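All remarks here apply to the structure that follows.
The values are calculated or read from the model by the stated rules, or taken from the named source; none is laboratory data. Small disclaimer: the values here were computed from a predicted structure and weren't measured. Heads up, the Cβs are rebuilt from the backbone with ideal geometry, glycines too, and the neighbour counts pull from every protein chain shown. Accessible surface is based on the protein model in full, side chains and every heavy atom, while ligands, DNA and RNA are left aside. Shrake-Rupley method; radii C 1.70, N 1.55, O 1.52, S 1.80 Å.
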Amino acid sequence: MENIGLIAFLIPASPLLAFFIILLFTRHSKLASDIVAMVAILFTWVLAGILLYLALTTPHLGEEPLTAGLVWLPLGDAVTDSLRMGVLVDPLGAVMLFFVPLTATMIFIYSTGYMASGSYWTEVTGEGDHDAVDTAGRKLKKFDATAWKARFMAFIALFAGAMLILSLADNLLLLFVGWEIMGLCSYLLIGFWHNRVYANQPKRITPMLAGIKAFMTTRVGDMPMLVGIAWLYSFTGTLNFREILYNPEVLEGLNVLAFPNVPALAGVTVAGAIGILLFMGAIGKSAQFPLHTWLPDAMEGPTPVSAMIHAATMVSAGVYMIIRMFPLMSAGWDGHALTLPMQVMASVGAFTALFAATIAVAQCDVKKVLAYSTISQLGYMVAAVGIGAYVAAAFHLMTHAIFKALLFMGSGSIIHAVEHGEEHAHHHGHHFPIDFDAQDMFNMGGLWKRIPVTAWTFLIGGLALSGFPFVTAGFWSKDEILADAFAHNPTVFWVLAAAAFLTAFYTMRQIGLTFAGEPRTHAAEEATQTDWRMNLPLVVLAFFAVFAGYVGVHEGFPVLGKLLGGNFFHHFVGSTLLKEPEALAFSWAPVLLSIGIALSGLLIGWLVYVRRPLQAEDEDPLKKVLGPIYTLLENKYYFDELYDLIFVRPSKWVSEQIVYLLLDKQIIDGFLHFVARFFEWLAFRNKDFDTYVVNGLGDSVAEGIGKTSDSFKYVQSGRIQQYMAIAIAGVLMLVGVFVWALFLR
Amino acid sequence: MIPLHWYLLVAAGMFALGVYGVLARRNMVAIIMSIELMLNAVNINLVAFWRYMAPENLNGQAFAIFVFTVAAAEAAVGLALIISIYRARETVVAKEIDMLKW
Amino acid sequence: MDFVRQNLLTLITFVPLAGSLVVLFLPSRSKSLIRWTTLLISLIPLGLAVQAWVWFNADPCHDLVAGACFEQQATWFPLLNSTYHVGIDGISLTMVLLTTLLTPLAIIISWSVDDRVKLYMALFLMLEMGMLGVFVSLDLLIFFVFWEIGLVPMYFLINIWGSANRQYASFKFFIYTMAGSLGLLLSIQLIGLTMGTFDLRELMVRWPALTGKLIGIDVNVIKNVAFWLFTLAFAIKVPVWPFHTWLPDAHTEAPTAGSMILAGVLLKLGAYGFLRLVLPFFPQQAHDFAPVLAVLAMLAIVFGALSAFAQTDFKRLVAYSSINHMGFVVLAIAAAGWVGLGAQYEPQSRLNAIIAVNGAVLQMFNHGLSAAAMFALVGMIYERAHTRDLTRLGGLWPVAPIYGGILLFSSMASLGLPGLNGFVSEFLVVRGVWPVGQVDQNGTSVFVLMVALSMVGLLFTGAYILKAVRHVLHGPLNREAVEMAHGRSLEINAREVIAMAPLLVLMLVIGVFPSWLVEVINQTVTKLWS
């Protein structure tokens, strides 16, 4: 198919072009920018649909994927040495091609509604004019926000373009390109309200710093990843996925010892080492422990950004990458003993899943709960890849992207509604404390009747997240992971099961706190949300959150398994691998366990938060139960403080005090100045030598002659007659001498 | 014939007079006149030696003529100098004209 | 056209000199005339360089020894057997293109210079001549002459038009570089007089092959000494840690356009010297001392980034970033030296060296673009807000959106964001250097270690770039900066946008589709290692 290249090229190119068009031409018009972005993403969606159709209708897509490419970097003297870039649509890529444009389009539609135009206030510092002063005494200045909001559309277009590059890439370098551009976008978008300052909450991170934190934290992972890419490239001579991952010889070749001479790393294979390096990138990008801290703070960005980062794009990218690199990670895996990268992934993933779920339990910010739930769910996927559940991980990646986008946009709707409510209530004479937080779930309650569309879709998303049996997509994908873990790795299973229980619980807690009972504030009482552009995506995604799971129901599942055509997803995605992974035999135990866990979690949550809804001023019932642990969880185990103490401050101190001031300024420059001063000293000594010795000698000769002659000058009296007398006396003397000499002698 | 040493004695006397005049006179004009006296004493010597020692050559006479010329020029320049010194300093006393020193 | 083709390099090099004489005869009061004349004159070498690029691509000559492009030779100093010999291959062509491109842009940026415009412009053109001369010369003595000529105008540019601490900075710059060149001159004399010629092409073949004794000393000892003298001179220019401290001072104090050229081209002279002279002349020494050079390069990368991170002066921060970026060039050169030029090698290590040097040359070009852009941007804000102190700026994006966009774009290129130019070259360097130690029989993995440690530097590259962007563009608007502009808008004007546009376009083009440039470099590098 010759048009594959063109179609695949246009898919990311169209949002990227929109990015440039908006920034260069339409940035002064919000409407035009919206139109440009929407046209671009719809065009992309249509093309992606065509490409997806082509991919699905290609028989044996796994063996003969759709590809196209060109020489990107001519290196060396042979064409084989050159670096090629291209696109690849294999079954795994097709999955990405399904949900990435879908969620991206929904997010675009949502954004046009969320970012209504107008002006905004920014704080200013220093002396000078300002338009207003707020209650906290901050000086504010009014700016026209049109350009900002147009810019927002441009950034998410770039974001979508980067994710599409990543999804379509046929090699690791192009994947990395999309990967990093997304990093930039997340930085720009998280810090979108970069001049927002929380004067009353000094401990709260500002959007500006949150953006930097996101960029830097993920970069910590990206650097090893870059090395891993370079290593892989130099070892195999290529970065093409197919050439490495679909090639038993290369995989076999990678399975050799990496550091035979280093005793500490004796057992590590090249594949293992590269796998670990690449996984570090995923740790950063997919916010796994210990690089998870950036993601909750990324909630400082506008809500569509959170959806973009969490669902459709950035965090999925990390998981996608390790799923994609699974053959490398598992090189040498015989189905029993896990390889080193797999062990690492299984432990990191499982630990993160549970760890983040515990934090989510004690959060009161509606988006932060979702943020930690995302970390936890990503941990699931990583653990799934770690234990070799390749298809299950891809499946959960897809379903999670959909329902998490739904949840985030739902939470955005909630916040939007509460903010509107705050404004209305303000007009009606109600006053709010300065630090009124429209994202705090304890300021909500009773929203069910106010924003029914949001409430229903949020409920669907929440149930999908908790794995409510049979009717949600989340159940099927999560169940598959749990079943796999149950069969292969009981430890991982029990950790994940505990996380699943907590997930169900905090989801119900969130729903209860937000929607159930009576409004706890005037803002919640008057909350409204009617913009169709924000409701439509919720409905669409809710649809998929229910039905997307049915593509991957286990063949052996009673009734449904047969009805739905025998696990299409497993066979389809499984064919990406060289050897299609065998489907596990169906077993009731894990299914019943996971159903029981999900339902019990939901039930407890329902009992605590929905049956007896909280009243205004009520404390979280958990606080009484958990005591100090609640504070620990609320503060996220103090990881931010810890990192600040052991990484951020020392690096600042070292760079300023040691490297710059001590090394550069004192030692190196000090040495230079010492040399300079030494030569200056030498030069002055040299000058002294010249003055006193060289000049002194010359001068003293001249002076001596001068002085001597000085004493003779008095002979010259100026009296002519004296001269004459002396002359005559002289002559007489001469005569005398002559006479004596000639005659008298 | 008058012997040579008579001429020489006269010339020596004249020369001694001239030397005395140059050393002892205060007036510069007198000093110049004394110099002339010395020159003429030499002239006498020159002519006398020519006549008695080598009459076949004209050496002595030629020298004498040179000396005349020089004497005349010297007198002219000397007197002119004295006049201009007198104009500038209103004196012709040799002792007082002693600027020509260190 | 024939005339142009035959004298192409001479024209490229000496048109600026002629131009500087022309400028000197213009009336000094008509500043605008002087500016326009200078700009137009500086466009001539650019046009010629582009023409050279076209001709070169049509009929490439990648092997210097076999015959360089646009070669020209004339008697110059017969007593020493030194000739005026010029010619280029792919590496020098890239550098010539960079130089001729940056000079007009720097001149456009210099429009705001109002003091002694005539002298300024004349010096600028002279500077261009010096730099171009180094890149085109094929004779050691000529090389050295041009090398030194470039110093003089730069000294005056810093000394006269610099900022507060310019006396110290220009003196340090001049003396430091001179100190480095002394050894270079000595070694050049030594090589030239021993071999009886200064011709680069001949020396490349004969000098490395020289064995036996020279003035009673083993020739290898002499080569070692000469290697270090060469290396010292170039290391100061690049600069390699710990010879770098002149750079932050000089860059910070120089006028904006001066910094652009200093960072954009002058630093490349050092790296170019390594590639053109050190590697071909001293293959054995380059191999023996490669680990030392690699360690220094790594330190430049890491300490450069850390020092940049420690700065509060915007311009100084950008200056330190140059050390950080040029470290990658030196790292690649060290690795290439380890593999050895002309020595026996396996095909795999040869490819590594080729990729590393490709990366190095591309990095030189890329750094030229991004550093020039960054310095120009610093200059623009300094001109308006009259401060470079990061703590006194802040929140300027809303008031200067175009400036903000361009600054973000350039800083991302500098940070090495994939999709922009810096990434391509940094990736190539990392890819080329990483396996160099591994495939060697000695089992030395110093390069692996150096690359791994350099990643720390790359991490901090992100940190300091974000720090700069944050303090300039983001956060609450700092009224102080607006106040100091005295009513003048902080937004940049059309002239400045025009000066930036070519840089930005090239950054994007090279980032997205680098093969047109890499092709030319790669062919030459491949020939060097054949």
> Any number yet on Rg/Rh for the stretch C:60-186, C-alpha, Kirkwood?
Replying inline: 1.03
> If one takes the longest principal axis of the Cα atoms in chain C, at what angle in degrees, from 0 to 90 and to the nearest 10, does the Cα axis of helix C:219-237 lie?
Replying inline: 10 degrees
> So for the pair A:GLU64, C:ASN81, with labels modelled 7 Å out along Cα→Cβ, what separation do we get in nm?
Replying inline: 6.8 nm
> Could the peptides A:416-424, A:587-595, B:82-90, C:117-125 be put in order, highest first, of the mean number of other beta-carbon atoms found within 10 Å of their residues?
Replying inline: C:117-125, A:416-424, A:587-595, B:82-90
>> Suppose every Lys and Arg Cβ carries +1 and every Asp and Glu Cβ carries -1, with no other charges. What dipole size does the stretch C:135-258 come out with about its Cα centre, to the nearest 20 debye?
In response: 140 debye
> Among C:LEU141, C:VAL152, C:ASN165, whose Cα lies farthest out toward the positive end of the dipole of the stretch C:88-189, if unit charges sit on the beta carbon of Lys, Arg (+1) and Asp, Glu (-1)?
Replying inline: C:ASN165
>> Taking all protein chains in place and a 1.4 Å probe, what share, in percent, of the accessible surface of the stretch C:1-281 do carbon and sulfur account for?
In response: 68 percent
>> Given the DSSP H assignment, sum -39500 (n - 2.57) over each helix run of at least 4 residues in chain A and divide by its residue total; what's the result at 222 nm in deg cm²/dmol, nearest 500?
In response: -20500 deg cm²/dmol
> Going by a 4.7 Å Cβ-Cβ cut-off, which cysteines of the protein assembly as shown have no partner at all?
Replying inline: A:CYS185, A:CYS364
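Where does each of B:1-9, A:53-61 land if you order them by average Cβ count within 10 Å, highest first? Numbers along the way, then the final one.
Values: B:1-9: 11.2, A:53-61: 13.7.
Most protected by this proxy first, the peptides run A:53-61, B:1-9.
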> Other chains near C:240-248: what is the mean number of their Cβ atoms within 10 Å of each residue's Cβ?
Replying inline: 3
> What Rg and what Dmax come out for chain A when only alpha-carbon atoms are used, in angstroms?
Replying inline: 38.9, 167
> In nm, to one decimal, how far is the C:GLU491 label point from the A:ALA585 one, both placed 7 Å along Cα→Cβ?
Replying inline: 7.3 nm
> Can you flag which of A:LYS149/C:LYS315; A:LYS213/A:LYS367; A:LYS687/C:LYS268; A:LYS30/A:LYS636; A:LYS687/C:LYS315; C:LYS172/C:LYS213 are past 28 Å Cα-Cα?
Replying inline: A:LYS149/C:LYS315; A:LYS687/C:LYS268; A:LYS30/A:LYS636; A:LYS687/C:LYS315; C:LYS172/C:LYS213
> Where both residues lie in the protein assembly as shown, what percent of DSSP beta bridges are antiparallel, nearest 5?
Replying inline: 95 percent
>> Rounded to the nearest 10 Å², what accessible area does A:ASP81 have for a 1.4 Å probe in the complete protein model?
In response: 40 Å²
> Roughly how many Å² is the accessible area per residue of chain B, as a whole number, for a 1.4 Å probe?
Replying inline: 67 Å²
> Taking θ as phi - 60°, what are the ³J(HN,Hα) couplings along the stretch C:49-61 by the Karplus curve (6.51, -1.76, 1.60), each to the nearest whole Hz, with x for Gly and Pro?
Replying inline: 5, 5, 4, 4, 4, 4, 4, 4, 5, 6, 9, x, 9
> Accessible surface of A:ARG196 in the full protein assembly, 1.4 angstrom probe, to the nearest 10 Å²?
Replying inline: 100 Å²
> Taking accessible area as the heavy-atom solvent-accessible surface of the protein chains with a 1.4 Å probe, which residues of the stretch C:417-434 lose no less than 20 Å² upon going from the isolated chain to the full protein assembly?
Replying inline: C:LEU417, C:PRO418, C:PHE423, C:VAL424, C:PHE427, C:LEU428, C:VAL430, C:ARG431, C:TRP434
> Taking N as the number of residues in chain C, what is its Cα Rg relative to 2.2 N^0.38 Å?
Replying inline: 0.93
> To the nearest 10 degrees, how steeply does helix C:200-209 sit against the main Cα axis of chain C, on a 0 to 90 scale?
Replying inline: 50 degrees
>> Going by Cα centres, the stretch A:259-298 and the stretch A:302-357 are how many Å apart?
In response: 11 Å
> Reachable lysines from A:LYS707, Cα under 22 Å, same-chain residues fewer than 8 places away excluded?
Replying inline: B:LYS101
> So what is the calculated 222 nm ellipticity per residue for chain B, using -39500 (n - 2.57) for each DSSP H run with n of 4 or more, over all residues, to the nearest 500 deg cm²/dmol?
Replying inline: -27000 deg cm²/dmol
>> More than 24 angstrom separation, counting every C-alpha pair in the stretch C:271-375; what % is that?
In response: 27 percent
>> Need one number: the % of Cα-Cα pairs in the stretch A:599-745 sitting beyond the 26 Å mark.
In response: 75 percent
> Dipole of the stretch C:1-281 (Lys/Arg Cβ +1, Asp/Glu Cβ -1, origin at the Cα centre): which of C:CYS61, C:LEU247, C:GLY180 lies farthest to the positive side?
Replying inline: C:LEU247
>> Given the C-alpha atoms of the stretch C:286-530, compute the convex hull and give its volume per residue in Å³.
In response: 102 Å³
> Dimensions of chain B along principal axes (Cα, Å, largest first)?
Replying inline: 52, 24, 23
>> Probe of 1.4 angstrom, ligands and nucleic acids ignored: what's the accessible area per residue over the stretch C:349-436, in square angstrom?
In response: 12 Å²
> Say the dipole of the protein assembly as shown comes from +1 at the beta carbon of Lys and Arg and -1 at that of Asp and Glu; which of C:LEU362, C:SER28, A:ASN489 then lies farthest toward its positive end?
Replying inline: C:SER28
> When Cβ neighbours within 10 Å are restricted to other protein chains, what is their mean count per residue of peptide A:651-661?
Replying inline: 6
>> Accessible area per residue for chain A in Å², computed with a 1.4 Å probe and the full protein assembly in place, what is it?
In response: 40 Å²
> In debye, nearest 20: dipole of the protein assembly as shown around its Cα centre with unit charges on the Cβ of K, R (+) and D, E (-)?
Replying inline: 3160 debye
>> Let me confirm one metric for peptide A:209-216, namely the mean number of other chain beta-carbon atoms within 10 Å of its residues' beta-carbons.
In response: 3
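Could you work out what % of the accessible surface of chain A is carbon and sulfur, using a 1.4 angstrom probe and leaving DNA, RNA and ligands out of the count?
That fraction is 67 percent.
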> In the calculated pair distance distribution of the stretch A:466-558, what percentage of Cα-Cα distances lie above 19 Å?
Replying inline: 60 percent
>> With every protein chain left in place and a probe of 1.4 Å, what is the accessible surface of A:TRP231, to the nearest 10 Å²?
In response: 10 Å²
> Using a probe radius of 1.4 Å on protein heavy atoms only, what is the accessible area buried between chains A and C, both sides summed, to the nearest 100 Å²?
Replying inline: 5800 Å²
>> Using the crude model of +1 on Lys and Arg Cβ and -1 on Asp and Glu Cβ, and no other charge, please compute the dipole size for chain A relative to its Cα centre, in debye to 20.
In response: 1180 debye
>> I need the Kirkwood Rh of the stretch A:254-295: take the reciprocal of the average 1/r across all distinct C-alpha pairs and report it in angstrom.
In response: 11.3 Å
> For chain C, what is the mean residue ellipticity at 222 nm derived from helices alone (per DSSP H run of n ≥ 4: -39500 (n - 2.57); sum divided by total residues; nearest 500 deg cm²/dmol)?
Replying inline: -23500 deg cm²/dmol
>> Rounding to the nearest 10 and keeping the result within 0 to 90°, find how far the Cα-based axis of helix C:8-24 lies from the longest principal axis of chain C.
In response: 40 degrees
> For the protein assembly as shown, what is the largest minus smallest coordinate of the Cα atoms on each principal axis, given in angstrom and ordered from greatest to least?
Replying inline: 186, 79, 60
